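Structure, as structure tokens:
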Amino acid sequence: MLNVNKIHTYYGLSHILFDVSLAVSKGEAVGLLGRNGAGKSTTMKSIMGLTPPAKGNIRFNNEDITGGKPYLLFRKGIGYVPDDRRVFADLTVDDNLEIVHRRTEEWNKNRVYDLFPALGEIRSRRAGNLSGGEQQMLTIARALMGSPELLLLDEPTEGLAPLIVRDLEEQILKLRNAGISILLSEQNIKSALKMISRVYVIDNGRIRFTGTVDELEANEEVKKKYLMV
């Protein structure tokens, strides 16, 4: 479904990603793990066209989408949940969802509120007045309103209380079980390993390890060197 092939991405003159390759198959949940500043968010933004790679290419459903406009990639079936959430603060929860709805039968507000009952209870509240956990739920819910085939989740548990993290884990697992492909970027390794089956470890803009969750769990050297476990 998603194939990232040897991309190099820059911020101005700063070379951030070096020869990064990864893949996500249909219905698969894959983790992109690493420390803060390792290149996880830049990889996500490169896929979503926010920081287009200078070299390499990105394919989605066998189509070259390298450097595509984010709104067009959204229409093609890629949902993006940024690490800084970016809710529309002056709009209600309901309006945040309505404004991006693609009018498909697959995902609508009723289905989103079934997944996140807490959002249904505060649907008339302005997004700027929500807690961090509520905003994160809203950001994921908003991405789902595009009926995505692939969901890019960038640090979804960052800064959240343990109880909220546990709830999010359960909801992300439900999305995986519903057949949505997921690329999950996380520093919270313990949490991430509950939701994924395969792993890429990134450090200093380079992929340092590729394997299953079990293979990572058994590799103490990789965990100590790149994940500080």
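Readers should treat all values here as calculations from the given coordinates under stated rules, not as data from a laboratory. Bear in mind the structure is a predicted one, so any value in this text is a computation, not a measurement. Neighbour counts run over all protein chains shown; Cβ positions are idealised from the backbone, glycine included.
Points worth noting:
- Förster radius 45 Å - calculated FRET efficiency between ASN57 and LEU163 (Cβ-Cβ, nearest 0.05): 0.60
- Computed magnitude of the charge dipole of the chain (debye, nearest 20; Cβ of K, R +1, Cβ of D, E -1): 440 debye
- Neighbour net charge for SER185 - beta-carbon separation under 11 angstrom, K R +1, D E -1: -3
- Most fluctuating residue given options LEU13, LEU163, LEU91, as computed from a GNM of the chain linking Cα atoms under 10 Å: LEU13
- Pairs from LYS190/LYS224; LYS26/LYS223; LYS6/LYS225; LYS174/LYS194 whose Cα-Cα separation, in the structure shown, is over 19 Å: LYS26/LYS223; LYS6/LYS225
- Shown here: Rg and Dmax of the Cα atoms in Å, derived from the displayed model; of the candidates (i) 21.5, 71; (ii) 17.0, 49; (iii) 21.7, 76, it corresponds to (ii).
- Dipole axis of region 2-227 (+1 Lys, Arg; -1 Asp, Glu on Cβ), positive-most option in SER21, LEU173, VAL112: SER21
- Separation between Cα centres of region 35-57 and region 147-187, rounded to whole Å: 19 Å
- Extension gain for THR212 to ASN129 (0.36 nm times residue separation, less C-alpha to C-alpha distance): 25.9 nm.
- The H on the amide N of GLY31, modeled in the peptide plane, is under 5 Å from the matching H of LEU184, SER197, ARG198, VAL199, TYR200, each at least 5 residues off or on a different chain.
- Gained length - GLU221 relative to LYS69, 0.36 nm times residue gap less alpha-carbon distance: 50.8 nm
- Nearest-ten-degree value, helix 162-177 long axis tilted from longest Cα axis of the chain: 80 degrees
- For GLY68, net neighbour charge (Lys/Arg +1, Asp/Glu -1) across residues whose Cβ lies under 14 Å away: +3
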